[in-house]
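Below is one structure, written out as structure tokens, with a few remarks after it.
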Amino acid sequence: MLKLHRLFTAAVALTIGVCWAGSVLARTVDAGPVRDKGSTAGTAAFGKIRKLLVHDVGNVRMTLSNWGEQGNPDGVPGYSGFEFPLGAETDFLYSAGIWIAAVKSGEKLVSTGTDGDNGTNEFAPSFDRYVATSKLYDDIAGDPYIKGAKEIDDDDDWTLDDDLDGDGKPSTNWDGGLGAIGRDDDGDGLIDEELANGEDDDGDGLIDEDTDESGDANGDGNCKYDPEPHIDEDPAGDISADFIDNDFDGLVDGDDPDFDGDAVPGSDDDDGDGLEDEDGNARGTQEYFCVYDDVSLEEVRSPDTDGHTPLNVMVLQRTYAWGEAYAASFVLVDLVIRNIGLVPLTDVYIGLFADPDVAARGESGDPASVDDWNFFDNSFYEDDTTKRYTMMIQGDDTLDTDGDLPGLFAMKIVRTPAPPEELNIAFKNFERVAGGDPETNADKFDMLSDDERNNDPPTAQLGDWRFLMGFGPREGGWFPGDERNLLMPGAELPVTVAYIAGNDMEDLHRNARWAQAIYDNDFQGPAAPDQPKFGANAHPDSVEFGVKAYPDRVRIWWLDNSEASVDPITQFEDFEGYQIQRSGEGINWFTIAQYDIIDTLDDPEFERENLNLGMPYDNNPEPDPTRTSRQGWDWELVSIDTTQDPPDTTWRRLYWYDDYEVLRGWTYYYIVRAFDQGVTGAGVLRTSIGKIYLEATTAYTEGTSPFGNEVEQVFVVPNPYKGSQHQEYGGALDEEGRKIYPRKLLFMNLPATGATINIYTLAGDHVVTVEHTSGIDLYTWDMRNKYDQEIVSGIYYYVVEGWSGGQRGGGPIKIDKFVVLK
């Protein structure tokens, strides 16, 4: 029996645009109504817009949703469930999601994000919006993100009153303490043993690291970070309508008398300064926030055999991905589960379910799904016997042709309110072909709450295995001091999990430890320098660079904004250098130039790698105001403060590098990456490639073209066209995970002043008319006709007419032909 994708009952509309007024979204698809697999239930008329989201700035490409299911079970073209490594065309995940179990009014109930092939989705979007944020970028692959880093005054509106310690910077800790109330923050077995007095009260060599209420000025349980008067005060969206307690006072949105500290309720301008979302609190390179609930019966897809009875829970989901190499192979999913009903929920258990299909490139259907194995890894860290991995692991057949490839997939418990040693963790695995999937609420509840001594053993044979990890307090409640396991109306239960990939067990364990470490450090780790602002050819702020293309080279320019970067963990300015990299298809990258500061590094490990190649200003000590050298730098004026006498001026460095190793008419991809001096345990950190790169083409422009408005030199390449080639690849995949090569036919030596191209079949039927207005001598045709249909094999004629005096028509004409072979 083949493993079938769920079928769409309505056309899938691919969308990229704005879906939250004043906010942004990333690469998404409207997931529309989906028919249940097996056709056992009718199709619901869904009222909320379902969206797929993609994390792809690291070394994985993971698809998520705004209704609690992760992966790509519907086979939406261009989306991978969980690809690792990025660009490998593997896929590790069919479907995964959270299960929430509780007893409500005496009845065992489970609300299910997904259960694999059965297609049960009992959550739906709470509203038709979500937020895409980043600590580094306001644009990723052409898609807008709300940029703003946590504990950074992004809009630079701080005053001297915000500098509490006199260091010349705005202070982020107005409470005065560190840690959380009721938690052992320093791992010494004591809780809140320090006073916020600047002294080492417990004699462990640390100061104020685990403070009591004296370090919690506003009584929110958080002794360090709060949105301060001028830091993180205007994050993404409208904080008076985002379901979050943004001011940590226990009240949410409209239930809060001050609307969560919102100065302008109902607007994305939360601080009332006339700007929207300008001072955010992102911690990841790429973040998404959405909210879903289990309330709507109409939006349930393929319910359990005994139906769906809502627990009345809402889930706030924020996901994080990073571009640094040490953190690039996992995604953290942070969940806050809120009881929005009127009755308490007792015996609350959480489940992580996944139907992983660890598939190598080219595998799909049964070949991808029936040769897997899994087990529960609760072993101790290799270097710390106080910590356990607590994760489920799935792998592919190691005896097939690809051996240990493509790697391993895991889901790990990262955080719950109850300490790990106090959790009852039930691990279950069951196989699709042999059966064993739970079908009722009671079946699922019993699996999640089963005694951990009954855990399933590792799989003994290959199959289409899925796994489930249920967890809850072994005794008492989720929170310290609770005697019962219950969730009262309005109460919240926070849970954080990680989706992890690795090449082998050692790599997987290393990635799991980093996932835990980053969570433990407030979703932050050692960071690469800020991404340099860069571009190709045209530089918007420079007349000298204001050309669309060069005929013999690509000019890469970048600014010096990375050089003042401060690592959030070490607090050092540790910028070291730049790499300029080029690719022919956006996958395989080659370094074409590198620069680094001439210095001596303290760490011998990193000093051995220190090339001391020098910066552009070392190689060319004097600025080049003509900007004609192959590589060089110049000063750019940023601002002038005329209120000072003499006027105060601010300057920045502009660098450039000319790449002559290119062919005219070809498209290339470029990125400028910054790297640091190295961080022990994390290595040398470089800004990610992800989807930040740009493309450039060499071409003549109106000012450099030797052809004027003549058309005699116009020709088509390739001719004949024989099918896809690597220059056509744009990064997308089809529903089987194969590369999509959009057809491209290139018209060369066109008049840069403008031209009209008409294309006809051999029989004289008109195919399409193209108006060439780009200002360069090239035009790339997608080989689609005027009805947006791909043309077929055959012989075609083209008629090129140059423009006269900048007006269409009146210029010279050329007629020629090309051949298409598929």
Of those in the stretch 301-339 that are part of a loop (DSSP other than H, G, I, E, B) and polar (S, T, N, Q), the residue most open to solvent (accessible area, probe 1.4 Å) is Thr305
Pull up the stretch 217-263, narrow it to residues that are among the polar types (S, T, N, Q) and closer than 24 Å to Asn197 by Cα, then point me to the one that is most open to solvent (accessible area, probe 1.4 Å). Asn218
For the stretch 636-693, which residues satisfy the criterion of being open to solvent by less than 10 Å² (accessible area, probe 1.4 Å) and among the hydrophobic types (A, V, I, L, M, F, W, C)? Leu654, Trp656, Ile671, Val672, Ala674, Leu685
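If you take the residues of the stretch 653-683 that are among the hydroxyl-bearing types (Ser, Thr, Tyr) and in a strand (DSSP E or B), which of them is nearest to Phe715 (Cα to Cα)? It would help to see each step written out before you state the result.
Within the stretch 653-683, the first condition is being among the hydroxyl-bearing types (Ser, Thr, Tyr), and the residues that meet it are 655, 657, 660, 667-670, 680.
Of the ones still in play, those that are also in a strand (DSSP E or B) are 655, 657, 667-670.
Numbers: Tyr655: 36, Tyr657: 31, Thr667: 17, Tyr668: 21, Tyr669: 24, Tyr670: 27 Å.
Filtering the stretch 653-683 for residues that are among the hydroxyl-bearing types (Ser, Thr, Tyr) and in a strand (DSSP E or B), the one nearest to Phe715 (Cα to Cα) comes out as Thr667.
Where residues in the stretch 613-649 are within 24 Å of Arg555 (Cα to Cα) and among the polar types (S, T, N, Q), which of them is modelled with the highest pLDDT? Explain how you work it out, then say what you get.
Kept after step one, since they are within 24 Å of Arg555 (Cα to Cα), are these residues of the stretch 613-649: 613-638.
Narrowing further to those that are among the polar types (S, T, N, Q): 619-620, 626, 628-629, 631.
Details: Asn619: 85, Asn620: 88, Thr626: 85, Thr628: 84, Ser629: 87, Gln631: 92.
Filtering first and then ranking leaves Gln631.
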Could you check, for the stretch 356-374, whether at least one of its residues is open to solvent by 10 Å² or more (accessible area, probe 1.4 Å), closer than 23 Å to Phe467 by Cα and in a strand (DSSP E or B)? yes
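Check whether at least one residue in the stretch 271-289 is open to solvent by 20 Å² or more (accessible area, probe 1.4 Å), among the polar types (S, T, N, Q) and at pLDDT below 90, and report yes or no.
As a first pass, look at the stretch 271-289 and keep what is open to solvent by 20 Å² or more (accessible area, probe 1.4 Å): 271-276, 278, 281, 283.
Narrowing the set further to residues that are among the polar types (S, T, N, Q) leaves 281.
Among the residues that remain, those that are also at pLDDT below 90 are: none.
Within the stretch 271-289, not a single residue is open to solvent by 20 Å² or more (accessible area, probe 1.4 Å), among the polar types (S, T, N, Q) and at pLDDT below 90.
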Please specify each residue of the stretch 352-393 satisfying the condition of being under 16 Å from Val497 (Cα atoms) and among the polar types (S, T, N, Q). Asn378, Thr390
Those residues of the stretch 146-177 which are under 23 Å from Asp210 (Cα atoms) and open to solvent by 60 Å² or more (accessible area, probe 1.4 Å) amount to Leu164, Asp165, Trp174
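Is it fair to say Gln571 is modelled with pLDDT under 95 and within 16 Å of Gly58 (Cα to Cα)? Break it down stepwise before answering.
Numbers: modelled with pLDDT under 95: yes; within 16 Å of Gly58 (Cα to Cα): no.
Considered against the rule, which asks whether it is modelled with pLDDT under 95 and within 16 Å of Gly58 (Cα to Cα), Gln571 comes out as no.
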Within the stretch 200-227, restricting attention to residues that are at pLDDT 80 or above and of a type in the set (Gly, Ala, Ser), which residue is farthest from Thr172 (Cα to Cα)? Gly203
Which of the residues spanning the stretch 558-580 are within 19 Å of Glu636 (Cβ to Cβ) and open to solvent by 50 Å² or more (accessible area, probe 1.4 Å)? Asn561, Ala564
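Table: residues versus (1) within 23 Å of the chain's Cα centre (by Cα); (2) of a type in the set (S, T, N, Q).
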{"residue": "Phe92", "(1), (2)": "yes, no"}
{"residue": "Ser105", "(1), (2)": "no, yes"}
{"residue": "Ser111", "(1), (2)": "no, yes"}
{"residue": "Gly116", "(1), (2)": "no, no"}
{"residue": "Ser126", "(1), (2)": "yes, yes"}
{"residue": "Leu164", "(1), (2)": "no, no"}
{"residue": "Arg183", "(1), (2)": "no, no"}
Regarding Met505, is this residue under 30 Å from Met392 (Cβ atoms), at pLDDT 90 or above and open to solvent by 50 Å² or more (accessible area, probe 1.4 Å)? yes
Out of all the residues in the stretch 768-822, which are in a loop (DSSP other than H, G, I, E, B) and farther than 19 Å from Pro720 by Cβ? Thr773, Ser774, Gly775, Asp777, Leu778, Lys786, Tyr787, Asp788, Gln789, Gly805, Gly806
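The values are calculated or read from the model by the stated rules, or taken from the named source; none is laboratory data. The shown structure was predicted, so the numbers you read here are calculated from the model rather than taken from an experiment. Heads up, the Cβs are rebuilt from the backbone with ideal geometry, glycines too, and the neighbour counts pull from every protein chain shown. The accessibility values were calculated without ligands, DNA or RNA, using every heavy atom of the protein model including side chains. Shrake-Rupley method; radii C 1.70, N 1.55, O 1.52, S 1.80 Å.
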